[in-house]
Amino acid sequence: MEKMLLCAAALCAAGLLSAAEFRIDIGGERSKVELEIKECSEKIRASSAGWLNERKNQRLLFIGAASDQWETKSISFVPKSNGNVNLCLMGTINKPGAPHLAYDNIKVNGKLVKNGSFEEGSGDKIANWSGWGKAQRIAGGAADGNQYVLANHVDALVQSIPVKAGEKVTVTFQVKNGK
Ligand SMILES: [Ca+2]
């Protein structure tokens with residue numbers, strides 16, 4: 001029994017028992033905007049996109065654990081030039097059937113992005129957001145207002161946001177495990 005408990009504790013510590021992790025990417029590739037990581041909420045892992053090689057600083061990844069309750073988190077970065085960057089709501093698992101993350105109340109520097117609370121849309125359409133796959137809008141149980149979205153690596157949501165050289169951008173969002 002004791003051995004099993006120890007084992008469970010070790011798995012918890014390694015994060016293997018946590019359900020899903022959220023992932024938010026900031027992509028500056030299209031405008032060739034280099035990005036520098038600034039402070040984030042506790043326990044968020046921030047990194048540049050190693051697979052882009054010499055352009056790796058044009059994309060940042062922010063990954064952390066989601067729980068079954070809505071939690072507010074924040075990430076910050078500084079762009080080195082003017083341009084537009086893509087704010088991508090994702091997950092870490094790039095496989096069909098991967099668990100979804102619930103996102104709501106997406107703000108940049110304290111102000112909602114366009115349809116940042118996901119209250120606008122109809123049917124499969126989520127106003128002001130593009131992406132790939134099939135992120136879903138869900139009514140009821142939102143962190144803010146009535147609607148939220150379910151997204152992951154396969155069903156991602158993207159919105160382009162303007163940035164200015166040297167001006168820190170802080171993205172705040174609410175996230176929890178989806179179903
Ligand atoms: Ca909402």
Give me the net charge of Val149's neighbourhood, meaning all other residues with Cβ under 13 Å from the Cβ of Val149; Lys, Arg count +1, Asp, Glu -1.
-1
What is the packing order of peptides 41-53, 150-162, taking the mean over residues of other C-beta atoms within 10 Å and listing the highest first?
150-162, 41-53
Please compare each pair in Lys43/Lys114; Lys95/Lys134; Lys38/Lys80; Lys111/Lys134; Lys32/Lys134; Lys38/Lys107 to a cut-off of 23 Å on the Cα-Cα distance and tell me which ones are over it.
Lys43/Lys114; Lys111/Lys134; Lys32/Lys134
Per DSSP helix of 4 or more residues, -39500 (n - 2.57); summed, then divided by the residues of the chain. What does that give at 222 nm, rounded to the nearest 500?
-2000 deg cm²/dmol
Under the rule of at least 5 residues apart or a separate chain, name every residue whose amide H is placed under 5 Å from the amide H of Val149.
Tyr103, Ile138
Using Cα pairs closer than 8 Å and at least 6 residues apart in sequence, work out the relative contact order for the chain, in percent.
28
Can you list the residues of the range 141-179 with backbone N under 18 Å from a point 7 Å past the Cα of Asn84, pointing along Cα to Cβ?
157-165
By per-residue mean of other Cβ atoms within 10 Å, what is the highest-first order of 93-103, 21-31?
21-31, 93-103
Can you compute the modelled spin-label distance between Lys38 and Asn109, with each label point 7 Å from Cα toward Cβ, in nm?
0.9
Could you list Asp124, Asp144 in order of exposure, starting from the residue whose Cβ has the fewest other Cβ atoms within 10 Å?
Asp124, Asp144
Theoretical gain in end-to-end length, Gln69 to Trp132 [0.36 nm per residue, Cα-Cα removed]:
20.1 nm
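No value in this document is a laboratory result; all are computed from the given coordinates. What you see is a predicted model, and the numbers here were worked out from it, not measured in a lab. As a convention, Cβ positions derive from the backbone with ideal geometry for all residues, glycine included, and neighbour counts pool all protein chains shown.
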